[in-house]
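As structure tokens, the structure follows; a few thoughts come after it.
The values are calculated or read from the model by the stated rules, or taken from the named source; none is laboratory data. All values reported here derive from a predicted model rather than from experimental measurement. Note that we place each Cβ from the backbone using ideal geometry, even for glycine, and neighbour counts take in every protein chain shown. Ligands, DNA and RNA are stripped out before the accessible areas are found, and what is left, the full protein with its side chains, is counted by its heavy atoms. Shrake-Rupley method; radii C 1.70, N 1.55, O 1.52, S 1.80 Å.
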Amino acid sequence: MKRLKKLLLLTLTFILSLSVKAQTKIYGNVIYSDNNATPTGIYSFNAEDGLTFDAVKVDEEMNASNGGVYENGKYHFMNMFTYYEYNAETWTQIKKENLGFVKGGPMQATALAYDKTTNKVYGCFMDYNTYSYVFGTVDYDQLERTAISSLGDNIMRCMVCTPDGKLYGINGEGTLYSFDKTTGETTEIGSTGLSISNIQGAICDPKDGTVYWAACLSNGNTGLYTLDLNTASTMLVAQFPNNEEVTGLFILPQANTDGTPKTVTNLKSNFVNGSLTGNFSFTMPTQSNEDKDLESVTDYKVTVDDSVLIKGSAQPGADITTEEVTLTRGHHNISVICSNPSGESLPAYDFPYIGKDTPNAVDSLVCTASGDKAILSWKAVTTGKDNGYMGTVTYDITRYPGQISVAKGLTGNSFEETVDTTTFNRVYYTVTPCND
């Protein structure tokens, strides 16, 4: 009997350990919580009762109130008319750009979903021409939205795409629809039975196809639900502890537990001092996804902006420095994938800015008068628009009225000149930072 009890205990322990391993970790952007108990930012949480929010990147700027989505190692979101882009591994900011009303308005989304089968982001977007909504795609590299069909006033509050490319949306009434990605035609599946409001989030677990919905209810309560895409029925997984409003959900890609190589490490893009010519370096994996040592040569490929530029093979653990390549000035998407007969590894990503960056505007510009002298000072510009390499920054100064260039290539951060007070009784200046 004791032996039987011991066997049952071991079996139960094994089942529990499997349950723990099977937990799904979800990431999302918390944009609101009661009394700011969970400050704005990116958090992770397990899909289980009694869940807690674990901070990944807390930042009051990280508010995807106009659409957030994970795509190939990046996290994109809009807040009003400003676009933000982050490296979803290091959570360093790649881009921040105020697009203005004309360009930024069409990119504002009420719901987004990434489809890996087409490598596109689909969504429900504002149409300020008709003050209604459209279904379409958004290209964050080009910062452009393309409309596919009109949704009228049928606003989608969240969208989700399955691993095989089927697209769904939940509208403001809590009704589930399927979408034809080519035409935008919708098919009503049914009511979820939930009365919702404000911003939502949803994601499909690629492991088992479970759809998780971070729902914000019209009574102010929020929580995590599972959603049946065939019947629109829902089941509560957990109430959110502080009524967190969560959007832009994603689940990080998981490697298969097989003989494929693990991901390369130490990926760097080496383009020195703003040069357009450089190379890439990384370290080959030493183990497979089964945690077994790799014993043979592994292939690798380096992709730049979806084009394979470099191929090679190397021994496990080798430090690789690739041949030199020349790229255009600007942001680029770099990925490295290694492979063996069992299959391909997950990608390693880097998102460098190549070439010299455009300087930011000067800050704290002050102009004072002392007799017939105009004296200017400002803070030196040390950063660029895209956090790239700056090089030497100089300043061009123009006096108005008359648009007269009074200094070019100035290396300091102050300037003064004598003004002909018989000609002018009031002048003003612009100070423009420049590099190569």
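Over 31 Å between Cα atoms: which of Lys120/Lys301; Lys74/Lys181; Lys385/Lys408; Lys166/Lys292; Lys262/Lys356; Lys96/Lys207 fall into that group? From the list (Lys120/Lys301; Lys74/Lys181; Lys385/Lys408; Lys166/Lys292; Lys262/Lys356; Lys96/Lys207), the Cα-Cα distance tops 31 Å for Lys166/Lys292; Lys262/Lys356; Lys96/Lys207.
Expressed as a whole percent, the accessible area of the range 187-298 that falls on carbon and sulfur atoms is 44 (1.4 Å probe).
Amide H contacts of Thr263 (H built 1.01 Å from N, in plane; Pro and chain starts excluded): Leu346 sit under 5 Å, all sequence-distant by 5 or more or on other chains. The C-alpha radius of gyration of the range 169-271, expressed as a fraction of 2.2 N^0.38 Å, stands at 1.37.
Here is how the number arises for the chain: DSSP H runs of 4 or more residues each give -39500 (n - 2.57), the sum is divided by the residue count, and the result at 222 nm is -2000 deg cm²/dmol. For the chain, the solvent-accessible area of protein heavy atoms averages 51 Å² per residue (probe radius 1.4 Å; ligands and nucleic acids excluded). Result for the chain in a Gaussian network model with C-alpha springs under 10 Å: among Val406, Val302, Val246, the largest mean-square fluctuation is at Val406.
Surface composition of the range 67-172: carbon and sulfur make up 46 percent of the accessible area, probe 1.4 Å.
Stick to the Cα atoms of the range 320-436, pair each with every other, and give me the Kirkwood hydrodynamic radius in Å at one decimal.
Final number for the Kirkwood radius of the range 320-436 is 17.8 Å.
The calculated FRET efficiency for the pair Asn35 and Tyr131, based on their C-beta separation and a Förster distance of 25 Å, comes to about 0.15. With Rh defined as the Kirkwood radius, the inverse of the mean 1/r over Cα pairs, the Rg/Rh of the range 107-217 is 0.94. The alpha-carbon of Lys103 sits under 19 angstrom from the alpha-carbons of these aspartates and glutamates, leaving out residues fewer than 8 places away in its chain: Glu85, Asp127, Asp139, Asp141, Glu144, Asp386. The Glu416 and Thr382 beta-carbon pair, evaluated with R₀ = 25 Å, returns a calculated FRET efficiency of approximately 0.65. Taking only the Cα atoms of the range 19-172, the radius of gyration and Dmax are 15.8, 51 Å. For the range 326-436, the fraction of 1.4 Å probe accessible surface lying on carbon and sulfur atoms is 48 percent.
Using the alpha carbon gyration tensor of the chain, what are the three equivalent-ellipsoid semi-axes (square root of 5 times each eigenvalue), largest first, in whole Å?
Working from the Cα gyration tensor, I get semi-axes of 47, 31, 21 Å.
When the alpha-carbon atoms of the range 246-348 are used, the pair Rg, Dmax equals 14.9, 45 angstrom.
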